[in-house]
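Undergrad: Handing you a structure now.
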Amino acid sequence: MAMNSRTIAASLFLALSATATVPLSAALTDPMTNDQVRSYDWVRPQADFVRREAMIPMRDGTKLFTVIVFRKGARDAPILLSRTPYDAYEATSRSRSQKIEEILPMMDKEFVDDGYIRVYQDVRGLHRSEGDYVMNRPLRGALNHTKVDHATDAYDTIDWLVKHVPESNGKVGIIGSSYLGFTSLMALVDPHPALKASVPQSPMVDGWMGDDWFHNGAYRTFGFDYDLSQTVKEGAGVVPKGTGDEYASYLRAGSAREYAEAFGLLDLPAIRKVLEHPSYDFWWQEQAVDKQLAKRKLTVPTMLVVGQWDQEDSYGAPAVYRALEPQDTNNNMVSLVIGPWRHSGVNYQGRELGPLKFEGDTALQFRTRWMKPFLDCHLKSNPPACQTPPVLTYATGENRWEESQKWPEGELTPLYLASNAALMFGKPAAGSDSYVSDPAKPVPMLPRPIQMSGDEWKQWLVHDQRFVDGRPDVLTYTTTVLDKAVHIKGAPKVDLHASTTGQDSDYVVKLIDVYPEENVADPATAGYELALGIEIFRGRYVHGFATPAPLEPGKTYAFQWFLPNVDHVFLPGHRIMVQVQSSLFPLYDRNPQSWVPSIMEAKAHDYVKATETVHYGGEDASAIWLPIAAQ
């Protein structure tokens, strides 16, 4: 007899019931039940933490997604806040664990173990937060005609937290690196009374002078990848140029604008804004956080942190320190920390960087010995005494932490370029050296093929510079072997007297520690040429960063700029080296060396060879002024 579908289904149900291991009284799941469920709470009752999500309203009605995490049992607890463009949800779910130290970033462990409440928030317009995203949202004023900015958002967030997190003691600190360092600084503008401490790490401060987008007028091309990853909702990621040599891909494209056009990047407002402002005009100046903070009285104790080999934001923290330190008459409101790290390395493992090995985990040492005590003394209800040094640096070469009362601590002393590729502390006889700079064959930043990502990008500043030593378009000057240590503490100053046959030129100067040729104890560093500072200057700005002008061919100019801040000891047996070149590609766009109003708009016919002449001795004595500390 034929069976209809209902009969078949009933028979199957009875068969399954007969073989089931569950009690007959239990209802079985229908085989055709939808297997998708709306949600799952991955934080289980056995978790050792509490994790809350909130949409915190700002004064304009926009709500910002916020995650609040603390160990169970926390009470009378300080709040440590980070405002991020990099996804607060992901930052608080590093792994789907039931242990608090596993779900949060590495640097949070010491804080949550000591009862801190950790808070992460998506900045407006990104991820789960509402509103519009403006990458470098200016403060309310000439560039921002709305009623909100990162300062007001920080204020409103803190106000909500102290009223709605009953486990807290009503005191808030703000912390973070890179963009999060930027938002930590912005919170200092008209701060909430409950904000008691700030730790901006590698903060983005002035995108034209020396942080992400430009250095001394030269455009940093890696910004294209960041912008496309950060500002696009669908299709975000790195520029789709493939996985080949970035030196070749940028060279094929031409100028910055031609590269942007080739990959459809002019649709991105963030990229158009940068291309529209190639010089240090009002748009850039008004966004410079150090200039904005200098106009205001600092009322929140602030610890500024940067890595000595920060490949992204080496300028910001020292610039803010220079802006704020004059008003810190009692040496208790602003401090500066320089550690032996890459960008944001303070929040990771700090035992080594490339070939360099340090005495233990320097990042953990700093976080536990100095950063956490700084926050404890300002945020805890029964705080320990504050014993924060005004300046804390790590002396590479001898590998030790040093506390200082001021920065810079060294006295600027000239180390002169001289004939026969020499460097000397006494002024030499007058002379010059020349090389031909060819934009068609720019000096690479690293051995090719180049990928400005991953560990290659993170460690490029400590790469062995022997790969360009000997190129005809790189001048190299070296001291004799040192018979005593030379300790520098500050920002070395470049005073380069040079002329060109072109109408514009870039100059790149590298300060290098040359290791002894033989080293049985550490063969990896035998003969190593360790860069302590690499910095560029775009010649058209010799008269002022806001007033670019063509160079007069054959005229000698004094180009002056600073290398990044450093605490380093050149050891006996080492030598000091200086390299001079006119390109650092593809990190910096090529200078066409003819005059064009905007280098970012240059065309193929604008790129020409030029002979660069570096002068030394006499009235045009080129030198690197080293901030030499007393022994």
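The values are calculated or read from the model by the stated rules, or taken from the named source; none is laboratory data. Being a predicted model, the structure only gives us computed values, none of them experimental. Backbone-built Cβ (ideal geometry, glycine too); neighbour counts: all protein chains shown. Surface accessibility is based on the protein's heavy atoms, side chains included, excluding ligands, DNA and RNA. Shrake-Rupley method; radii C 1.70, N 1.55, O 1.52, S 1.80 Å.
Undergrad: Just to be sure I understand the model, the point goes 7 Å from the Cα along the line to the Cβ. What's the resulting Val37 to His164 distance in nm?
TA: Rounded to a tenth, the inter-label distance reads 2.7 nm.
Undergrad: Quote the relative contact order of the chain in percent (integer), defining contacts as alpha-carbon pairs under 8 Å separated by 6+ residues.
TA: Averaging sequence separation for qualifying contacts and normalising by length gives 13 percent for the chain.
Undergrad: I'd like the Kirkwood hydrodynamic radius of the range 105-150, using the inverse of the mean 1/r over distinct C-alpha pairs, in Å.
TA: Values: mean 1/r = 0.0762 Å⁻¹.
With all distinct Cα pairs of the range 105-150 included, I get 13.1 Å.
Undergrad: Further question on the same structure: Determine the shape class of the range 70-172: with a ≥ b ≥ c the square roots of the Cα gyration tensor eigenvalues, call it rounded for a/c under 1.5, and otherwise prolate if a/b is greater than b/c, oblate otherwise.
TA: Oblate shape, in that a/c is at least 1.5 and b/c is the bigger or equal ratio.
Undergrad: Stretch Arg52-Ser594 to full length: gain in nm at 0.36 nm per residue minus the Cα-Cα span?
TA: Length gained between Arg52 and Ser594: 189.3 nm.
Undergrad: Per residue, how much accessible surface does the range 385-499 expose to a 1.4 Å probe? Answer in Å², no decimals.
TA: Value returned for the range 385-499: 44 Å² of accessible area per residue.
Undergrad: Compute the distance in nm between two label points, each set 7 Å from the Cα along the Cα-to-Cβ direction, one at Ser404 and one at Asp225.
TA: Distance between the two pseudo-spin positions: 3.3 nm.
Undergrad: On to the next question. Would you mind classifying the range 446-536 by shape? Square roots of the alpha carbon gyration tensor eigenvalues, ordered a ≥ b ≥ c; an a/c under 1.5 is rounded, otherwise it is prolate if a/b is larger than b/c and oblate if not.
TA: Numbers: a/c = 1.74, a/b = 1.23, b/c = 1.42.
Here the range 446-536 falls in the oblate category.
Undergrad: How would you classify the range 190-258 from its alpha-carbon gyration tensor, with a ≥ b ≥ c the square roots of the eigenvalues: rounded for a/c under 1.5, else prolate if a/b is greater than b/c, otherwise oblate?
TA: On the way: a/c = 3.26, a/b = 1.92, b/c = 1.70.
It comes out prolate by the Cα gyration axes.
Undergrad: If I compute solvent accessible area with a 1.4 Å probe over the protein chains, what percent of it on the range 80-238 is carbon and sulfur? Let's see the in-between values first.
TA: Values: 2520 of 5060 Å².
Its accessible area is 50 percent carbon and sulfur atoms.
Undergrad: What's the center-to-center distance, using Cα atoms, between the range 36-73 and the range 157-176 in Å?
TA: The two parts, judged by their Cα centres, are 15 Å apart.
Undergrad: Note down the relative contact order for the range 518-602 as a percent, whole number, built from C-alpha pairs under 8 angstrom at least six residues apart.
TA: Details: 40 pairs, mean separation 15.8, N = 85.
Worked out over the range 518-602, it gives 19 percent.
Undergrad: Tell me, what is the per residue accessible area of the range 109-206 in Å², probe radius 1.4 Å?
TA: 30 Å²
Undergrad: Could you tell me what percent of the accessible area of the range 401-507 is made up of carbon and sulfur, with a 1.4 Å probe and every protein chain present?
TA: 50 percent
Undergrad: Roll a 1.4 Å probe over the protein chains and send me the accessible area per residue for the range 39-107 in Å². Intermediate values should be presented prior to the final figure.
TA: Details: 3200 Å² over 69 residues.
Ligands and nucleic acids excluded, the result is 46 Å² per residue.
Undergrad: Round to the nearest 0.05 the FRET efficiency obtained for Arg272 and Arg140 when R0 = 35 Å and r is the Cβ-Cβ distance.
TA: 0.95
Undergrad: I'd like the distance between the alpha-carbon centres of the range 335-363 and the range 543-570, rounded to an integer number of Å.
TA: Result: 29 Å between the Cα centres.
Undergrad: Let me ask you something else. Before anything else, pin down the relative contact order of the range 108-182: Cα pairs under 8 Å, at least 6 apart, normalised by residue count, whole percent.
TA: Over the range 108-182, the number comes to 13 percent.
Undergrad: Hey, rough spin-label estimate for Thr611 and Ala549, points 7 angstrom out along Cα→Cβ, what's it come to in nanometres?
TA: According to this spin-label approximation, the distance is 2.6 nm.
Undergrad: Label point 7 Å out from Asp328 along Cα-to-Cβ: which residues of the range 378-410 have amide N under 14 Å?
TA: 387-393, 403-409, by backbone N distance to the label point.
Undergrad: Where both partners of a DSSP beta bridge lie in the chain, what percent of those bridges are antiparallel, to the nearest 5?
TA: So the antiparallel bridges in the chain amount to around 70 percent.
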